[in-house]
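Just below is one structure, and these are the notes that go with it.
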Amino acid sequence: MGTVTTTDGTSIFYKDWGPRDAQPIVFHHGWPLSADDWDAQLLFFLGEGYRVIAHDRRGHGRSSQSATGHEMDTYAADVAALTDALDLRDAVHIGHSTGGGEVTRYVARAKPGRVAKAVLVSAVPPIMVKTPANPGGLPIEVFDGFRAALAANRAQFFRDVPEGPFYGYNRPGAEVSEGVIANWWRQGMMGAANAHYECIKAFSETDFTEDLKTITVPTLVLHGTDDQVVPYEDAGPLSAELLQNGRLKSYDGYPHGMLTTHAEVLNADLLAFVKE
């Protein structure tokens, strides 16, 4: 574990496990979580012999609670600072939810040789919010509601999300894990309220259309059809269509947090893609 200091003085925390000469896989977490959300994948790929890296986004987890920079351009620049510091080459970048947006922006701008492949899991691109160009998106009022709930009682809001739509625990017959809910809350409350508040705009209103068109490396798009956070129809299929070398894999009935609820299935599919 270590930290990288960015040009504006922000300290980015990261984990770096595995052989230094192995192919690196970089994991980008969702809002409002941390690198800890990737435990199941880090351990799995470590066991497969890969070098695994996961960082806490600025304002999240153990990284600096900075006053500024809570938007996608800076998030991507922070990733570039990390990959430059570690001199990562031919890396596979895997992003979940907001982390999928971060991967998209970073990979679209990455230096030659840095990125071999990318994976977008339950990811926010192309754009979440409803606009004239994106009529299938969610109304801005949905995200205004997120901001209001966070400002009013962040601790309660960060229980309501994992207890309900994030893992599909609000569906009939769902096998609810109190440990998973508590871990989501723990990760969220480690971060900064200002970063989480501003990140809502970053993940919902950033348009990744041109980034997706620019990416040339093989990119796998994974999305559950019962994603209640980033609705399937306006995300995964549209991203795959925009990518030059993209492929969509859909999971019938899987929730937004499927990397946790169905880790064995997702890990096997990720490994198969990495090995291609």
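The values are calculated or read from the model by the stated rules, or taken from the named source; none is laboratory data. Worth saying up front: this structure is predicted, and the values here are computed from it rather than measured. Note that we place each Cβ from the backbone using ideal geometry, even for glycine, and neighbour counts take in every protein chain shown.
Only one entry in D207, D144 is among the acidic types (D, E), closer than 21 Å to R58 by Cα and out of contact with any Cys (no Cβ under 6 Å at 6 or more places or on another chain), namely D207.
Residue pairs whose Cβ atoms lie under 6 Å apart, separated by 6 or more positions or on different chains, with the first residue in the range 37-48 and buried (at least 19 other Cβ atoms within 10 Å of the Cβ) and the second of a type in the set (V, I, T), are L42/V52; F45/I25; F45/V52. Those residues that are of a type outside the set (A, V, I, L, M), more than 15 Å from the chain's Cα centre (by Cα) and either modelled with pLDDT under 95 or surrounded by 20 or more Cβ atoms within 10 Å (Cβ to Cβ) (or both), I need them from the range 49-65; list them, please. Within the range 49-65, Y50, R51, S63, S64 meet the criteria.
If I ask for residues that are surrounded by 17 or more Cβ atoms within 10 Å (Cβ to Cβ) and among the aromatic types (F, W, Y), which ones from the range 1-17 would you list? Result: F13, Y14. Checking A202, A155, A263, A193 one by one, the residue that is without any contact (Cβ under 8 Å) to a residue 60 or more places away in the chain, on the phi < 0 side of the Ramachandran plot and touching a Phe, Trp or Tyr at 6+ places or on another chain (Cβ under 8 Å) is A155 and no other. Whether a residue is buried (at least 23 other Cβ atoms within 10 Å of the Cβ) and either touching a residue at least 12 places away in the same chain (Cβ under 8 Å) or not acidic (D, E) (or both) was assessed, and L271 does not pass this test. Taking helices (runs of 4 or more DSSP H) as the structural unit, those lying wholly within the range 176-244 and holding at least 1 residues that are modelled with pLDDT of 95 or more, within 28 Å of A151 (Cα to Cα) and touching a helix residue (DSSP H, G or I) at 6+ places or on another chain (Cβ under 7 Å) correspond to 178-190, 193-205.
Among the residues of the range 75-109, the ones that are within 29 Å of Y167 (Cα to Cα) and of a type in the set (D, E) come to 2 in all.
Listed conditions (1) over 12 Å from V121 (Cβ atoms); (2) touching a residue at least 40 places away in the same chain (Cβ under 8 Å) are all met by M258, apart from (1). Filtering T68, T74, T104 for residues that are β-branched (V, I, T) and crowded, with 23+ Cβ neighbours inside 10 Å leaves a single hit, T104. Answer yes or no: is there a residue in the range 113-123 that is of a type outside the set (D, E, K, R) and part of a helix (DSSP H, G or I). Scanning the range 113-123 turns up no residue that is of a type outside the set (D, E, K, R) and part of a helix (DSSP H, G or I).
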